[in-house]
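Chemist: Below is a structure I'd like to ask you about.
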């Protein structure tokens, strides 16, 4: 992924700021979902690398902008100073803009031996929906507005569905598009990914209560202290755990309808339930 | 253009912030260039509207982010409070992100009766290059870095070529792509547009000295007072005027090589030279 950025004809400081956050690591859950889906359809993962990189760039841009003083005002992420603490706010804003735009460039430059024109266009269209005002950015705005009040379960689901769910879904859908899956398989994977995305978020909320500070990299209980609406707050801790189990069950029901070797995707589902960070 | 935003399934406050800046007006130079190019190739402008809207959205997002406190810290633009003064910084950042992403969504959703898959993909690829790290965002970073030192003519040209030139060029290239122009015509239009973009910027610098405060909407001499590198500073006022004339001449030379009715594009070239704001 880094070599695509390094090859850009652009100011070095901008490239450094883009690379800094891309290299900060993280779980790489989105690329793993994309690769697992492709492999489930019998493809090797290699020619999914540019698409997976594009998704990780979108995810990374959203973290850079989220961390800004005007947004969450975070000084650290994954144990390292946030982008704007190192490069300054102006460059951090622009590094985010650059990663977002470059993601579309990467997909539009995909090797035409690997994907057809119509696959490429579908990858772009779905990405724009997942990342834009009807997806991630819309979820982010709803989340900010939600901080001022206590939310209903459906409002909370709207936020998570879009803020984090849409890009997780995209990772799976993109793998299916690259693998030329049928429309029916894609629709079942879409339902699968929606439940998976909500499960992922509920697990995050549970970890905020039960996790170890060392593993999750931020103070335990920070959601409770800042009065944020969470699943455990709305449903109780046991209620949240039951909700998590429900979504995992439904996710697997949809997954089993797909003509796919689901082994690796199931491993990722289990990882989401059993992870400690 | 506004109806595309109004139709989005997204938080109302986000849509309002997007619309606020889109509706702030401005010269609409990019859509005019796109339409003039299409008409030059004998098309009516109507089915260029979504592409023109996408370009104007990219331009508008760049203005919203430029005006932020961490960037130029402007309270007013075109006589109205800037986006972050009305909606707050966080929403302004996200409205910019949403406009940028939605521009790609709009092009990927173009009616396939109007453009082929390969035209659509070329429109996306060129837009990503023009707007991203190798284009507008790269130019913006170079401009910020350039504020700290006095620049050579070639450094100044690099900045303007990318910061404002690339998106102006894109408007013309996009019109040519929609009109299915030949590669040769597109390359000549690209050269035409590069000279036009530099001419536009030199004229801006000259207006900062000779313009009327009322017409240009900001204090005359603001570039001189903030020690920014400009063409008049590097070349003197007369030198800058000569440079402007040179670029206009070269622009027209390239334009005359294109198999196009160049009447409307020439009117826009003249507008750039003779405008008072």
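The values are calculated or read from the model by the stated rules, or taken from the named source; none is laboratory data. Small disclaimer: the values here were computed from a predicted structure and weren't measured. Cβ sites come from the backbone with ideal geometry, for glycine too, and all protein chains shown count toward neighbours.
Chemist: Take the residues of the stretch B:1-35 that are free of Cβ contacts under 8 Å to residues at least 12 places away in the same chain and surrounded by 19 or more Cβ atoms within 10 Å (Cβ to Cβ): which is nearest to residue B:126 (Cα to Cα)?
Modeler: By that ranking, first place goes to B:15.
Chemist: Same structure, new question: For the stretch B:147-157, check the following and say yes or no: at least one residue is in contact with a helix residue (DSSP H, G or I) (Cβ under 6 Å, 6 or more places away or on another chain) and buried (at least 20 other Cβ atoms within 10 Å of the Cβ).
Modeler: Taking the stretch B:147-157 and keeping what is in contact with a helix residue (DSSP H, G or I) (Cβ under 6 Å, 6 or more places away or on another chain), we get B:153.
Narrowing the set further to residues that are buried (at least 20 other Cβ atoms within 10 Å of the Cβ) leaves none.
Checked the stretch B:147-157: no residue is in contact with a helix residue (DSSP H, G or I) (Cβ under 6 Å, 6 or more places away or on another chain) and buried (at least 20 other Cβ atoms within 10 Å of the Cβ).
Chemist: Here's another thing I want to ask about it. If I filter the stretch A:7-28 down to residues being within 11 Å of chain B (Cβ to nearest Cβ) and assigned to a helix (DSSP H, G or I), which single residue comes out as nearest to residue A:49 (Cα to Cα)?
Modeler: Checking each candidate, the answer is A:18.
Chemist: Taking residue B:138 as the residue in question, decide whether it is modelled with pLDDT under 95, farther than 23 Å from residue B:188 by Cβ and within 12 Å of chain A (Cβ to nearest Cβ).
Modeler: no
Chemist: Determine whether residue A:207 is crowded, with 24+ Cβ neighbours inside 10 Å and assigned to a helix (DSSP H, G or I).
Modeler: Considered against the rule, which asks whether it is crowded, with 24+ Cβ neighbours inside 10 Å and assigned to a helix (DSSP H, G or I), residue A:207 comes out as no.
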